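Structure record follows, encoded as C-alpha cells.
The values are calculated or read from the model by the stated rules, or taken from the named source; none is laboratory data. Remember, it's a predicted structure, so these values are computed and weren't measured experimentally. Cβ: placed from backbone, ideal geometry, glycine included. Neighbour counts: every protein chain shown.
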Amino acid sequence: MVLGDKKLITILAGGSGSVKLVRGLATHRSDINVITNVGDNYWLYGMYICPDIDTITYGLSDLLDQDKGWGIKKDTFGFLRQMEIFGEETWFRIGDRDTATHLTRTNMLKNGKSLSDITKWMSEKFAIEIKILPITDNSVETRIITDKGDLHLQEFWVKHRGMDEVKGIEYQGADKARPNPDAVSAIHDSSLIVIAPGNPLTSIGPMLAIKGIRKELAKKKNKVVAVSPIIGNAAISGPTGKYMEAAGIEVSAVGIAKMYADVCSNLIIDTKDRKQIKQIESLNINVHDTKIKMTNKQAEDALGASILKQFHA
C-alpha cells in the first residue's frame, strides 16, 4: 500500500525496548502503524493498566519519563501514597496523571468500548498522528513460571524484581484471542514491517502467539526486518537474557535470528556482532550491521533514518 509516494510502515512494538525505535522512525515519518503488545496488561486497584500501549502513547506525545522508561515525566504520586495509608500494596508505581489514563480506559471498557477504540480515542486526545493498534481486544496474559509458582509478568518483574528462577513462559488466552483486524490489515498492506528490539519472549512473543499473526508475517517475510535487542551475549536492557536462557535459546544475535527465522528475512545487528553474520546468513536471513544502542534522541533518529534508507521506505 502506498500513501502518496511513500510506503506504509508497520512496527511490532512492546515496552521500553521498542519506544525508542518507534520515536526514531516517527521523527522521519508519520504514516506508520504501531502494533502493540497486550500481554503486559494488568488489573490493579480496579483499573486496567496497559503498560506497552501507554509507553508508546506517552513516548509519541513527548510525555514519557525517559529516565524510567515508563510513566509520565514529572508525575506526582499522591494517589499512591494514599493507597499506602489504606494498607494497599504499592509496588506498581503509577503516578497521578498516569492513573487518570488507566481510570478513563477502565470506565470506557465498562461502557462497552473496545481496547482498540479506546486507544484510538486516546491517541487523538494526545494529538498523535501515528496509528497505535493493540494486537487484540481480547485478554492475553504473559505468565512467568518460576520455582516459586506461576506469576503475572508484572508480578515477576516489578513486584519480585525478577529474582525468582524462570522455568517457562506462557501466554494465557493467546490461543483463543482474535487478532485485531486493523493490525492484520496493517501487516498485509505494509511495504516494510519492523519488529522492534523489544523483549522477544515477553514483548513480541505474545503477539506472535495469537492465531494468524505469525502466519500473516510469514506471508510478508521478505518485507520484515527485526532489530536485535542483544549485543554480544547480553540484552541491551531488561530481563531478555534471563528469559532466553530459561527457554533454552542462545543469548546472542544468532539466538534472535533463530526465533524470528520463519517470519523475518532481515536482521539488524550491532557492529560489535559482525562475527555472527555468516551464522545468521546460514538461516536465510540477510544481515545489516550498525550501531543499534539508542542512548539518546540523536541515536534513535539515526537508527530510524538508517532503516528507512536501507529498506527504501
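The number of residues in segment 46-89 that are farther than 21 Å from A196 by Cβ and in contact with a His (Cβ under 7 Å, 6 or more places away or on another chain) comes to 2.
For (1) under 26 Å from Q66 (Cβ atoms); (2) assigned to a loop (DSSP other than H, G, I, E, B); (3) out of contact with any strand residue (DSSP E or B) (no Cβ under 8 Å at 6 or more places or on another chain), each residue gets a yes or a no:
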position: S203; (1), (2), (3): yes, no, no
position: M207; (1), (2), (3): yes, no, no
position: H288; (1), (2), (3): no, no, no
position: Q298; (1), (2), (3): yes, no, yes
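Does segment 56-80 hold any residues that are in a helix (DSSP H, G or I), within 18 Å of D96 (Cβ to Cβ) and touching an Asp or Glu at 6+ places or on another chain (Cβ under 9 Å), and which are they? Passing the criteria: Y58, G78, F79, L80. Determine if segment 1-11 includes at least one residue that is buried (at least 24 other Cβ atoms within 10 Å of the Cβ) and either under 10 Å from the mean Cα position of the chain (by Cα) or without any contact (Cβ under 8 Å) to a residue 12 or more places away in the chain (or both). There is at least one residue in segment 1-11 that is buried (at least 24 other Cβ atoms within 10 Å of the Cβ) and either under 10 Å from the mean Cα position of the chain (by Cα) or without any contact (Cβ under 8 Å) to a residue 12 or more places away in the chain (or both).
Within segment 115-160, the only residue that satisfies the criterion of being more than 20 Å from Y45 (Cα to Cα), surrounded by fewer than 19 Cβ atoms within 10 Å (Cβ to Cβ) and either among the hydroxyl-bearing types (S, T, Y) or touching a Cys at 6+ places or on another chain (Cβ under 9 Å) (or both) is S116.
Taking the conditions (1) under 30 Å from V166 (Cβ atoms); (2) out of contact with any Ser or Thr (no Cβ under 6 Å at 6 or more places or on another chain); (3) of a type in the set (S, T, N, Q) in turn, S116 satisfies each one other than (1).
Out of F92, F79, report the one residue that is at pLDDT 95 or above, in contact with a helix residue (DSSP H, G or I) (Cβ under 9 Å, 6 or more places away or on another chain) and either of a type in the set (D, E) or crowded, with 16+ Cβ neighbours inside 10 Å (or both). Checking each option against the conditions leaves just F79. Screening segment 1-32 for residues that are at pLDDT below 85 and assigned to a helix (DSSP H, G or I) and picking the one that is nearest to V227 (Cα to Cα) gives G17. Residues in segment 259-280 that are touching a helix residue (DSSP H, G or I) at 6+ places or on another chain (Cβ under 8 Å), assigned to a loop (DSSP other than H, G, I, E, B) and either without any contact (Cβ under 8 Å) to a residue 24 or more places away in the chain or of a type outside the set (V, I, T) (or both): D262, C264, S265.
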